[in-house]
Every structure is written in C-alpha cells, then in structure tokens.
Amino acid sequence: MPIGPDSRGRESTHEERIRVIQLKSEGHSYRDIQQQTGIGKTVVHRIFNEWNTENAVFHKPRSGQPKKLSDRNKRHLQVLVKRNPHATLREITADSGLNCSIRFVGDRLRSQQWRVRICRRKPWLTPANRLKRKRWARQYASKAVKWWRNKIYTDEVYLSIGSMPQRPTVQQKLGAAFEDRNLAPTFKGDFETIQFFAGFSSTGHTQLVPIRQRQEHERESNTDRLGLNSTQYVNEVLVPHVLPLYEAMGGSNAGVHTIEDGASYHTSAYTRRWRLMNEMIRLDWAPHSPDMNPIENVWSILKAGFRKVMRDPNQRPHGREEVIAVAQRLWEELPWERIYRWIDGMPRRVCTLLRKNGGPTQWYSLLYVYTTCILIHN
C-alpha cells in the first residue's frame with residue numbers, strides 16, 4: 001500500500017498502531033509494513049520500539065498548554081456569580097482578580113451552564129404572601145377540572161402608547177429562571193395609561209371594557225385619585241358585563257364563582273353588599289397570584305398583538321379612542337376556542353404552586369411563549 005498524501009503530520013490511530021505491532025510480530029519488515037499500512041517507516045519503527053521497551057500500545061499522555069484556571073479559580077467564579085447574579089462580566093472579572101480577559105471569563109461561565117438572560121417579571125412575594133399562597137394551593141389542590149370550568153376569570157390590564165422600560169439581565173444556571181434571585185420583581189403602579197377590564201369562562205367571555213376616568217366632581221375625598229373605585233366598578237363593570245355572563249352560566253345555584261384579585265374595589269364593603277344582594281359569589285384568591293389566573297395569558301397575546309400594531313406606522317393608534325378601538329378589535333380576534341380550554345390546566349397550576357411552597361411559578365411565562373406562537377401563526 002503506498003503512502004497516502006495525508007499520512008504526514010497525522011497522528012496514527014489506535015487501530016493502526018495495533019496493526020503495525022501485529023504485522024511486525026508476524027515477521028514483516030518495516031518497508032513491508034509501510035507499504036501495507038501507509039504509515040512512514042520511521043513511525044513504524046518507533047511504534048514497535050515502544051511496544052518492545054514499554055509494552056505501550058496507545059499514545060502517551062501529553063502535558064500540553066497549562067490551564068489558565070484551576071479548579072479553585074472556577075469555583076471562585078461560581079461563588080462570585082451566586083453572590084451577585086446581576087453583576088456584569090466586567091465586574092465579575094474585576095472581582096475575581098484573575099489575569100484573563102472578560103471574554104475568557106464569559107466562556108468559562110458558559111461552560112459551567114451559566115447564561116445571561118433577561119429577568120422574568122414577577123410580583124414581589126413576602127414570606128407572609130408565600131405562606132398564604134401555599135395555604136390557598138393546599139385548599140384547592142384536590143379540585144377537579146369540572147369545578148374550575150364553573151368559574152369566571154376576570155382582571156384588569158393597562159395598555160399604553162409609550163414603550164416599556166428594558167428589563168435587567170442576570171447570570172443564571174439553565175433551568176433556574178424562576179428562582180428568587182433571578183427575578184425582576186414588579187409592583188403595582190409600574191406602568192399605566194388606559195385601563196381595561198375583561199373576563200372569560202369555559203363557555204364565553206365579556207367585552208373588553210375600557211375604564212372611564214372619573215371627573216373632578218366625582219371626587220369622594222381629598223385623597224381620592226379619581227381611579228377606579230367600588231361604585232364605578234359595580235355600576236360600570238359588574239352590572240352590565242359580569243352579571244349577564246354569571247347568570248348565563250347558572251349563577252350561584254350552579255356553583256359559579258367569579259375570580260378576582262385582592263384590589264380594594266373587589267373586596268370593599270360596597271362591593272360585598274352588592275354581591276350579597278345579587279347572589280354573586282367571589283372565590284377567595286391568593287395574594288399576588290397572577291400566575292394562577294389564566295386571563296393573564298390572554299393579556300399576553302393581547303399585548304403582543306397591540307405591540308405589533310404599534311410597530312406599524314399605518315396602523316398605530318393616536319389618542320385614547322383609537323387605542324380603545326384597536327384593543328377591542330384585537331380582543332374579539334383572539335383564538336377563543338383554544339383559550340377556553342386553558343381552564344383545564346388549573347389543577348396543574350395549583351399543584352405547581354403547592355410544589356413551589358407558594359413561590360413564583362413558571363406557568364405565566366411558559367404559556368406566554370405558547371400563546372405568542374398562536375398569535376404569530378394566526
């Protein structure tokens with residue numbers, strides 16, 4: 001066999017070394033082995049000498065270039081990231097005291113499964129809120145899908161013509177997006193322009209109701225900010241929009257409940273009296289738990305569609321009335337037959353919350369990805 005054109009500068013494989021030793025043991029000359037294997041005569045001679053003197057078949061380990069980071073240095077980098085997951089690569093490199101580049105530190109962290117991601121926005125949960133969420137989950141964990149289908153899921157949302165602030169980034173391990181230190185807490189009142197109300201059940205949905213801004217003559221006290229209050233909530237939301245859907249589902253006799261968060265106009269004495277008079281039952285809800293309400297996922301695709309319209313100069317709304325018209329059109333165009341079936345996932349949501357001991361769950365974000373894909377597909 002002639003020597004191949006790529007035989008020089010190439011390291012012999014284990015199979016080739018074994019073949020050389022076998023041929024030499026059978027009495028072949030170095031030249032014969034060279035012709036049969038395509039390996040140079042000098043290499044063949046060295047392979048057989050290593051076999052005779054050291055009984056070595058495979059290649060000896062090589063020292064190579066020394067590593068820039070020891071195991072201790074790598075552990076130190078992980079300690080720095082865990083101590084401050086919001087630190088930048090430049091800050092981590094400076095704090096480490098290592099004589100290496102920022103890019104090299106980033107490569108080492110990526111090899112240890114650390115990634116830079118935008119923080120997930122989640123409500124801030126105090127220990128007391130976590131305990132209440134856990135107790136709530138334990139109370140309703142045994143409820144079946146049929147029980148959850150008999151509920152009306154309601155909430156408010158804000159749409160704005162302005163742009164949302166950019167979320168911070170964080171160094172995190174794969175699969176650790178919902179750990180407390182990797183979240184960007186959200187608080188009520190971060191962003192608002194036009195407020196809307198809506199609700200849906202397993203069989204139907206309300207209109208997307210714009211909340212009217214109260215006028216100066218409607219101010220009830222010196223501290224009244226003219227936002228949505230109990231009187232307006234009852235007269236302009238519950239009576240014309242929620243009550244018809246509630247009665248169409250069978251009302252309290254059929255075990256229907258409304259699901260609302262803990263806003264003051266949901267739980268005030270005025271609203272409770274009206275509920276009592278009209279036999280509308282509100283389900284007790286865990287504090288700061290938008291991840292348990294599937295309507296939050298409806299808001300996700302509504303906002304995604306609204307942002308898509310905002311990016312188009314020919315469709316971008318100008319002024320309050322145009323924003324309302326666009327939002328209501330997008331609301332009615334949502335894939336409602338699919339959305340109604342999301343209620344069947346409520347038992348899994350509650351069980352997830354129980355496993356998390358009342359902490360943040362990934363339900364909202366995972367379904368956001370799914371619903372966004374639906375919107376883009378449609």
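The numbers here are math on the coordinates, done by the rules we state, and not lab data. Quantities reported herein were computed from a predicted structural model and do not represent experimental measurements. Note that we place each Cβ from the backbone using ideal geometry, even for glycine, and neighbour counts take in every protein chain shown.
Taking 0.36 nm per residue of separation and subtracting the current Cα-Cα distance, fully stretching the chain between S101 and I194 would add 28.7 nm.
Highest average first, the peptides 66-78, 22-34 ordered by how many other beta carbon atoms sit within 10 Å of their residues are 22-34, 66-78. Of the residues E220, E321, E11, the one that moves most in a GNM of the chain with alpha-carbon contacts below 10 Å is E11.
Local charge for I281 was computed over the other residues whose Cβ lies under 12 Å away, with Lys and Arg +1 and Asp and Glu -1, and equals +1.
I need to check one value: relative contact order of the chain, counting alpha carbon pairs closer than 8 Å and at least 6 residues apart, in percent. Can you show the working numbers first?
Numbers: 444 pairs, mean separation 67.6, N = 378.
18 percent.
For I152, nonlocal amide neighbours, meaning residues 5 or more places apart or on other chains whose placed amide H falls under 5 Å from its own, are H257, T258, I259.
Placing dummy labels 7 Å off each Cα toward the beta-carbon, the span from A94 to Q112 is 2.0 nm. For the stretch 32-38, 3J(HN,Hα) computed residue by residue from phi via the Karplus equation (6.51, -1.76, 1.60; θ = phi - 60°) reads 4, 5, 4, 5, 7, 9, x Hz, glycine and proline entered as x. Compared with the dominant principal axis of the Cα atoms in the chain, helix 363-377 is inclined by about 90°. Mean-square fluctuations from a GNM of the chain, with a 10 angstrom spring cutoff on Cα atoms, peak among I343, I47, I152 at I47.
Report summary: the helix-based calculation at 222 nm, which adds -39500 (n - 2.57) for every DSSP H run with n ≥ 4 and divides by the residues of the chain, gives -13000 deg cm²/dmol. To the nearest 0.05, what FRET efficiency results for S25 and Q65 with a Förster distance of 35 Å applied to their C-beta separation? Rounded to the nearest 0.05, the efficiency is 0.40. If you wrap the tightest convex hull around every Cα atom of the chain and split its volume per residue, you get 268 Å³. Once you sort the root eigenvalues of the Cα gyration tensor of the stretch 14-88 as a ≥ b ≥ c, which label holds: rounded (a/c under 1.5), prolate (a/b larger than b/c) or oblate (the other case)? Note, shape of the stretch 14-88 comes out prolate. Quick one: go through the stretch 241-277 and flag any residue whose amide nitrogen is under 17 Å from the point 7 Å out along the Cα-to-Cβ line of A144. Answer for the stretch 241-277: 254-256.
Under the rule a/c < 1.5 gives rounded, and otherwise a/b versus b/c splits prolate from oblate, where does the stretch 71-112 land using the Cα gyration tensor? If you can, show how the numbers build up before the last one.
Numbers: a/c = 1.22, a/b = 1.06, b/c = 1.15.
Cα axes put the stretch 71-112 in the rounded bin.
Positive end of the dipole of the chain, charges at C-beta (+1 Lys, Arg; -1 Asp, Glu), about the Cα centre: which of T361, T154, S202 has its Cα farthest in that direction? Final value for the positive-end residue is T361.
Net charge near K146: determine it from the other residues with C-beta under 14 Å of the C-beta of K146, scoring Lys and Arg +1 and Asp and Glu -1. Mind showing how you got there, number by number?
Values: positive: K143, R149, K151, R341; negative: D344.
After counting each charged neighbour, the total is +3.
The label-point distance for H86 and I281, in a model that sets each label 7 Å from Cα toward Cβ, rounds to 4.4 nm. Backbone geometry of the stretch 209-219 corresponds, through the Karplus equation with coefficients 6.51, -1.76 and 1.60 at θ = phi - 60°, to 3J(HN,Hα) couplings of 9, x, 7, 6, 6, 5, 8, 4, 6, 8, 5 Hz, x marking Gly and Pro.
When both bridge partners sit in the stretch 121-377, DSSP labels roughly 60% of those beta bridges antiparallel.
Taking a straight line from the alpha carbon of K134, these lysines sit under 18 Å away, with near neighbours fewer than eight places off in the same chain left out: K122, K143, K356.
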